Amino acid sequence: MRAVSGLFARRTSPPERIELKSAREIDLIRAAGSVVRCVLEEMGRLVRPGATTAVLADAADRIIAEHGGQPLFRGVRNPSAKIPFPAPVCVSVNDEVVHGIPGSRVLKEGDIVSIDCGVRLRGYCGDAAETFPVGTVSGEAARLLNVTSQALALAIAEMRPGRRWSEVAAQVQRFVEQHGFSVVREFVGHGIGRQMHEEPKVPNYTDRQQRKADFVLEPGLVIAVEPMVTAGSAAVRCIDPTGWTQVTQDGRLAAHFEHTVAMTPQGVDVLTVGRRSAAAKAGGGT
């Protein structure tokens with residue numbers, strides 16, 4: 001594992017045992033996902049020019065505590081990082097792809113800020129992310145946010161029982177690349193339940209190596225689907241001396257949208273919108 005915030009490094013071997021969830025467990029994950037949604041809704045109200053990223057983290061802590069939950073990310077260890085992750089949310093600005101640590105940074109007009117939140121509630125986990133514009137953003141930034149949120153909505157719409165994940169991932173990759181952007185390959189989504197990181201790994205692209213780790217979408221499967229998209233090259237690097245924050249190698253913008261979803265016999269149930277939702281009502285990650 002290379003990452004916090006619901007991300008796994010790439011896998012190119014068959015997945016280990018995938019634990020399917022009962023209807024009761026799915027409802028418990030939904031409850032945790034509802035708290036995540038409350039946090040992200042408040043982030044949307046707080047993101048504005050002049051706000052510090054620490055203010056966002058403080059608000060996330062308050063909301064999670066008010067709902068009786070625990071922040072999933074705080075205290076998570078990463079073998080390549082010097083410290084456990086110190087915050088309740090990842091706040092990644094502009095070229096920061098993921099794992100940004102909130103602090104004194106002041107948001108400026110034209111920035112984009114990705115906020116990833118995970119919550120444990122009554123023993124089960126929910127995980128979602130959204131990228132917000134700060135005031136008025138450039139045309140490229142607006143297109144990047146739109147394409148990335150649509151990529152998540154497309155993935156959800158393409159999911160159905162019996163389909164292989166590689167078929168869905170191929171559609172996401174094609175959609176992103178048709179718009180001139182790139183899918184990050186270093187980090188992927190994941191199964192989720194009692195633990196933040198469970199099998200299987202959930203990439204947003206496909207190739208011969210990734211298909212070796214393919215899996216079938218079947219009722220009871222719960223996964224976090226989270227496309228990360230860059231305006232330029234897909235390559236990332238770590239610039240943070242603590243070993244956490246990942247940025248685009250070419251300095252171009254990055255966006256990140258995520259939902260926790262469950263497969264049912266009828267189709268997809270999105271668990272991080274705060275209510276039962278069909279794929280058509282997923283809202284593209286918003």
Mind listing whichever residues of segment 235-264 are assigned to a loop (DSSP other than H, G, I, E, B) and over 22 Å from CYS125 (Cα atoms)? ALA235, ILE239, ASP240, PRO241, THR242, GLY243, THR245, GLN249, ASP250, GLY251, ARG252, LEU253
Within segment 203-220, residues out of contact with any helix residue (DSSP H, G or I) (no Cβ under 6 Å at 6 or more places or on another chain) and either acidic (Asp, Glu) or surrounded by 24 or more Cβ atoms within 10 Å (Cβ to Cβ) (or both) come out as ASP207, GLU218
Matching residues, segment 36-72, being aliphatic (A, V, I, L, M) and either outside any helix (DSSP H, G or I) or touching a residue at least 60 places away in the same chain (Cβ under 8 Å) (or both): VAL36, VAL39, LEU40, MET43, VAL47, ALA51, LEU72
Condition test on GLY162, is it over 18 Å from LEU46 (Cβ atoms) and not hydroxyl-bearing (Ser, Thr, Tyr)? yes
Subset of segment 96-117 that is within 16 Å of the chain's Cα centre (by Cα) and acidic (Asp, Glu) - its residue that is surrounded by the most Cβ atoms within 10 Å (Cβ to Cβ): ASP116
Could you identify the single residue in ARG143, ARG120, ARG163, ARG174 that is surrounded by fewer than 22 Cβ atoms within 10 Å (Cβ to Cβ), closer than 30 Å to ARG24 by Cβ and out of contact with any helix residue (DSSP H, G or I) (no Cβ under 8 Å at 6 or more places or on another chain)? ARG163
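Might you let me know whether segment 186-207 holds any residue that is polar (S, T, N, Q), under 28 Å from LEU28 (Cβ atoms) and over 13 Å from the mean Cα position of the chain (by Cα)?
yes
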Is it the case that some residue within segment 75-84 is in a loop (DSSP other than H, G, I, E, B), surrounded by fewer than 17 Cβ atoms within 10 Å (Cβ to Cβ), touching a residue at least 60 places away in the same chain (Cβ under 8 Å) and of a type in the set (A, V, I, L, M, F, W, C)? yes
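No value in this document is a laboratory result; all are computed from the given coordinates. Quick caveat, the model's predicted, so the values are computed rather than measured. Because the Cβ atoms are built from the backbone with ideal geometry, glycine has one as well, and the counts that use them run over all protein chains shown.
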